[in-house]
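A.B. asks: Okay, here's the structure, questions in a sec.
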Amino acid sequence: MSFTLPDLPYPKDALAPYISSRTLDFHHGKHHSTYLVNLNKLIQDTDLAGETLENIIKKTAGDSSKAGIFNNAAQVWNHTFYWNSMKPGGGGKPFGPIAEAIQQHLGGFDQFVEEFKKAGLTQFGSGWAWLVSNQGRLEVMKTPNADTPLAHGLIPVLTMDVWEHAYYLDYQNKRPDYIDAFINNLINWEFASSQLEKS
């Protein structure tokens, strides 16, 4: 079994002006696609062929001899999760159970924004900012490169890609502007709520 590139959950121009169709052309059509091609080559005729993406990530995490497989599998998973973490007309304050959980575990929406921005801004080089569930409790964290909360026994709820290819065509080196646009205009809180229900 080989993995295939999932379609974006919205048209390529749907996130404009915050993320352009040109960025998604490269980010989804080139970067995400390349991770998939590499992963399929690396697992072909191995004991990992036929495993789910999640199992491949968990079985290769921390194994330096399988770092290539882990990096590509995790990037495939992370990117798919990232596309779903955004939606046209998103962002702003959440509502319902996730808003209550953010209030209870993080001290409210403003505190979440502060921590999430900090995670995105202080991730040196490439990586990800996350809202995760740690045994039912929401936490903000960051991971470098391809690392993912799945490899640490945590349940991802929301992610923001802070690799340069996620924002450079639209924001150049202004990562803070991209982060503000993500929080204010793109977060898919309905998706995040659906992930919280799994924890």
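A.B. asks: Eight or more residues apart or on different chains, and alpha-carbon atoms under 19 Å: count the Lys pairs in the chain matching that.
C.D. replies: Qualifying lysine pairs in the chain: 17.
A.B. asks: Taking amide hydrogens as modeled 1.01 Å from N in the peptide plane, which residues meet the under 5 Å criterion relative to Leu158, leaving out close sequence neighbours?
C.D. replies: Leu131
A.B. asks: Now a separate question. What's the magnitude of the charge dipole for the range 21-84 around its Cα centre, counting Lys and Arg as +1 and Asp and Glu as -1 at the beta-carbon? Answer in Debye, nearest 20.
C.D. replies: 200 debye
A.B. asks: Something else about it: Can you give the helix-only mean residue ellipticity at 222 nm for the chain, where every DSSP H stretch with n ≥ 4 adds -39500 (n - 2.57) and the sum goes over all residues, rounded to the nearest 500 deg cm²/dmol?
C.D. replies: My calculation for the chain gives -13500 deg cm²/dmol from helical runs alone.
A.B. asks: Moving to a separate point now. Taking only Cα atoms of the range 69-141, what ratio of Rg to Rh do you get with Rh as the Kirkwood inverse-distance radius?
C.D. replies: My calculation of the ratio gives 0.99.
A.B. asks: Arrange Ser199, Ser21, Ser64 by Cβ neighbour counts within 10 Å, fewest through most, would you?
C.D. replies: Ser64, Ser21, Ser199
A.B. asks: Subtracting the Cα-Cα distance from 0.36 nm times the residue separation, let me have the gained length for Tyr10 to Asp47 in nm, one decimal.
C.D. replies: 9.8 nm
A.B. asks: Let me ask something additional. Could you give the dipole magnitude of the chain about its Cα centre, charging the beta-carbon of Lys and Arg +1 and that of Asp and Glu -1, in debye to the nearest 20?
C.D. replies: My answer is approximately 180 debye.
A.B. asks: If you stretched the chain out fully between Ser194 and Gln104, how much longer would it get, using 0.36 nm times the residue separation minus the C-alpha to C-alpha distance?
C.D. replies: 30.6 nm
A.B. asks: Here is a further query. So if I take the alpha carbon set of the range 9-109, get Rg, then get Rh from the Kirkwood formula, what is the Rg over Rh ratio?
C.D. replies: Ratio of gyration radius to Kirkwood radius: 1.09.
A.B. asks: Give the percent of DSSP beta bridges with both residues in the chain that are antiparallel, rounded to the nearest 5.
C.D. replies: In the chain, approximately 100 percent of DSSP beta bridges are antiparallel ones.
A.B. asks: Can you tell which of Tyr167, Ala74, Met86 lies farthest toward the positive end of the dipole of the range 59-197, using +1 and -1 charges on the Cβ of basic and acidic side chains (Lys, Arg; Asp, Glu)?
C.D. replies: Value computed over the given set: Ala74.
Bear in mind that the values in this text are calculations on the coordinates, not laboratory data. Not measured: the values here are computed from a predicted model. No Cβ is skipped: glycine too gets one built from the backbone with ideal geometry, and neighbour counts run over all protein chains shown.
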